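The values are calculated or read from the model by the stated rules, or taken from the named source; none is laboratory data. All values derive from a computational prediction rather than experimental measurement. Cβ placement follows ideal geometry from the backbone for every residue including glycine, while neighbour counts extend to all protein chains displayed.
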Amino acid sequence: MNYISTRGAGIGERHTFSDILLGGLAKDGGLYLPNEYPKVSADELARWRALPYADLAFEILRKFSDDIPDEDLRELTRRTYTAQVYCNVRDEENAAQITPLKTLGVEGGTPLSLLELSNGPTLAFKDMAMQLLGNLFEYTLAKHGQTLNILGATSGDTGSAAEYAMRGKKGIRVFMLSPHKKMSAFQTAQMYSLQDPNIFNIAIEGVFDDCQDIVKAVSNDHAFKAQQKIGTVNSINWARVVAQVVYYFKGYFAATKSNDERVSFTVPSGNFGNVCAGHIARMMGLPVEKLVVATNENDVLDEFFRTGIYRVRKSSETYHTSSPSMDISKASNFERFVFDLLGRDPKRVLQLFRDVEEKGGFDLQASGDFARVEEFGFVSGRSSHDDRVDTIRDVFEQYDTMIDTHTADGVKVAREHLQAGIPMIVLETAQPIKFGETIREALEREPERPAAFSGIEDLPQRFEVLANDAERVKEFVAERTR
């Protein structure tokens, strides 16, 4: 397996999974992808159907990481995906499944289900990849006698998932940027209450896109990146994306009885990483009918999949919503899909994303490329605050199931794309406690709270507020890594 950049740098060079694991962006600012997607045979699909989650993860990941010995990779996946780690389940009978499938009901002749992805230590789907990433990082760093300073950006869930996965890990420090006063109280408490000496929380005076831009600016300062040993855990990191591929296979097996059936997935999406994993699963041969992208009021992705126009918003045009983890106007993983959509032409991708920086976007309808989107199975929709409140209320009344705001966006949009006889699986993103204000508005009751998080908002918090300035962030990092 060799990895290439979406923008073409290093063609002819050898880049292994371990090479790109610690690096984040490619040297040309592009994103890494395999030079070709591995295919899953009918025999493999049949054999994988009965595997427990950890062993399914091993089988899928080994196709992308042939430089890691099988015995080491199997040990890593079995240590990561255990009922002890993913213990925040709502139904104890399903604890061993890691990602239980919860069928809500049949609507319009279509089974509508939730794939529970938020049973990990921070109650969000980001744990599914981040726990593995923490173990992969520690394994790789120990093997090569290295250290790593992780610089990341979060709109809510990525930050806490990364910090809980990396806390106490040998050879690793985490510097996490978040938008000051723009996360929910629970999300903020999860991150800022951590007192581990290798965790540093930085509240940036701006929105999430400003945090993400700072991370990219630091990653593109190659001298600083090398000197400070900077790595990333944001969804631009390939290992995070490929770890998420696993639960698409697991969800498919749970929703079907044979590999002749097809399913559709609806994915609440801001940065495009989660649904990009579904695209990769489909390219590998998973029988996926539709990939439904659900956005909130920050509808950059919905606009693209309806019109072919990708138009990023300015910070002043980004809405602060009740599904804040999707308050994103520049989808950092979208470039991976565009690379495939354009027939893997790095020169065109480079020009298009220069246009994003210089002109604010691009139009694939005008060039004729947008017509190919249908071949990849993508459709989309958007949701508003009123939509998600109504959906939270409706799902609770109909199915006695409490969902968070982002999952509500997913259910609302999924209902617009149901096809008779084809199961629709909505990827659940977080547990409701993370967004208590909107749950109380919708249901006039407190959200369910796992016992381990009782009183977390009252704990002391440790963080530092910095200006929206990449140079100031670099100074902060350098001061703490001397």
I'd like to know if region 440-458 contains one or more residues that are in contact (Cβ under 8 Å) with a residue 60 or more places away in the chain and in contact with a strand residue (DSSP E or B) (Cβ under 6 Å, 6 or more places away or on another chain). no
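Matching residues to (1) of a type in the set (S, T, N, Q); (2) in contact with a helix residue (DSSP H, G or I) (Cβ under 8 Å, 6 or more places away or on another chain); (3) at positive phi; (4) not in a helix (DSSP H, G or I):
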| site | (1), (2), (3), (4) |
| --- | --- |
| 407 | yes, no, no, no |
| 411 | no, yes, no, no |
| 416 | no, no, no, no |
| 425 | no, yes, no, yes |
| 439 | no, yes, no, no |
| 448 | no, yes, no, yes |
| 452 | no, no, no, no |
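For the condition exposed (fewer than 15 other Cβ atoms within 10 Å of the Cβ) and under 26 Å from residue 180 (Cβ atoms), what is the one hit in 317, 374, 397?
Working: 374 fails: under 26 Å from residue 180 (Cβ atoms); 397 fails: under 26 Å from residue 180 (Cβ atoms).
Criteria check complete, one pass: 317.
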Report yes if residue 202 is over 21 Å from residue 133 (Cα atoms) and touching a strand residue (DSSP E or B) at 6+ places or on another chain (Cβ under 6 Å), otherwise no. yes
Check whether at least one residue in region 436-457 is more than 30 Å from residue 290 (Cβ to Cβ), crowded, with 17+ Cβ neighbours inside 10 Å and either aromatic (Phe, Trp, Tyr) or touching a Cys at 6+ places or on another chain (Cβ under 8 Å) (or both), and report yes or no. yes
Of those in region 84-143 that are within 21 Å of residue 436 (Cβ to Cβ) and of a type in the set (A, V, I, L, M), the residue surrounded by the fewest Cβ atoms within 10 Å (Cβ to Cβ) is 89
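Output the residue which, of all residues in region 45-65 that are in a loop (DSSP other than H, G, I, E, B) and of a type in the set (Gly, Ala, Ser), is farthest from the chain's Cα centre (by Cα).
To start, the set of residues in region 45-65 that are in a loop (DSSP other than H, G, I, E, B) comprises 49-52, 62-65.
Right, trim to of a type in the set (Gly, Ala, Ser) and you get 50, 65.
Details: 50: 26, 65: 20 Å.
Across region 45-65, the extreme among qualifying residues is 50.
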Between a first residue in region 195-208 that is farther than 12 Å from residue 477 by Cα and a second residue that is of a type in the set (Gly, Ala, Ser) and crowded, with 21+ Cβ neighbours inside 10 Å, which pairs have beta carbons less than 6 Å apart while being 6 or more apart in sequence or on different chains? 203/178; 208/155
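Can you confirm whether residue 113 is small (Gly, Ala, Ser), in contact (Cβ under 8 Å) with a residue 24 or more places away in the chain and touching a strand residue (DSSP E or B) at 6+ places or on another chain (Cβ under 8 Å)?
Values: small (Gly, Ala, Ser): yes; in contact (Cβ under 8 Å) with a residue 24 or more places away in the chain: yes; touching a strand residue (DSSP E or B) at 6+ places or on another chain (Cβ under 8 Å): yes.
Here the answer is yes, as residue 113 does meet what is asked.
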Of the residues in region 147-196, those that are of a type in the set (Ser, Thr, Tyr), part of a loop (DSSP other than H, G, I, E, B) and closer than 20 Å to residue 133 by Cα number 3
When region 269-313 is checked residue by residue, the ones that are β-branched (Val, Ile, Thr), more than 22 Å from residue 367 (Cβ to Cβ) and assigned to a strand (DSSP E or B) are 288, 292, 295
Can you say whether residue 158 is farther than 20 Å from residue 455 by Cβ, of a type in the set (Val, Ile, Thr) and in contact with a Leu (Cβ under 7 Å, 6 or more places away or on another chain), as far as the supplied structure shows? no
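Can you name the residue in region 1-44 that is of a type in the set (D, E, K, R) and in a loop (DSSP other than H, G, I, E, B) and, of all such residues, is surrounded by the fewest Cβ atoms within 10 Å (Cβ to Cβ)? It would help to see each step written out before you state the result.
Within region 1-44, the subset of a type in the set (D, E, K, R) is 7, 13-14, 19, 27-28, 36, 39, 43-44.
Now narrow it down to the ones that are in a loop (DSSP other than H, G, I, E, B): 7, 13-14, 27-28, 36, 39.
Numbers: 7: 24, 13: 11, 14: 8, 27: 14, 28: 14, 36: 11, 39: 10.
Ranking the candidates gives 14 first.
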Yes or no: residue 122 touching an Asp or Glu at 6+ places or on another chain (Cβ under 9 Å), over 30 Å from residue 472 (Cα atoms) and part of a loop (DSSP other than H, G, I, E, B)? no
Just checking, does region 53-66 include any residue being within 26 Å of residue 94 (Cβ to Cβ) and out of contact with any helix residue (DSSP H, G or I) (no Cβ under 8 Å at 6 or more places or on another chain)? no
Residue 258, sole failed condition from (1) under 13 Å from the mean Cα position of the chain (by Cα); (2) farther than 17 Å from residue 132 by Cα: (1)
Evaluate region 402-420: report whether one residue or more is in contact (Cβ under 8 Å) with a residue 24 or more places away in the chain, in contact with a Gly (Cβ under 8 Å, 6 or more places away or on another chain) and farther than 22 Å from residue 267 by Cα. no
Identify the single condition in (1) hydrophobic (A, V, I, L, M, F, W, C); (2) under 27 Å from residue 206 (Cα atoms); (3) surrounded by fewer than 18 Cβ atoms within 10 Å (Cβ to Cβ); (4) under 22 Å from the mean Cα position of the chain (by Cα) that residue 353 does not satisfy, given that it satisfies every other one. (3)
Contact list please: Cβ distance under 8 Å, first residue in region 222-249 and over 30 Å from residue 263 (Cβ atoms), second residue basic (Lys, Arg) and at pLDDT below 90, pairs at least six apart or on different chains. 222/27
Scanning region 314-340 residue by residue, the ones that are in a helix (DSSP H, G or I) and within 18 Å of residue 236 (Cα to Cα) total 9
Would you be able to tell me the number of residues in region 67-83 that are in a loop (DSSP other than H, G, I, E, B), more than 22 Å from the chain's Cα centre (by Cα) and surrounded by 15 or more Cβ atoms within 10 Å (Cβ to Cβ)? 1
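Given the criterion aliphatic (A, V, I, L, M), touching a strand residue (DSSP E or B) at 6+ places or on another chain (Cβ under 9 Å) and not in a helix (DSSP H, G or I), identify the matching residue among 214, 236.
Working: 214 fails: not in a helix (DSSP H, G or I).
Result: 236 is the single residue among 214, 236 that is aliphatic (A, V, I, L, M), touching a strand residue (DSSP E or B) at 6+ places or on another chain (Cβ under 9 Å) and not in a helix (DSSP H, G or I).
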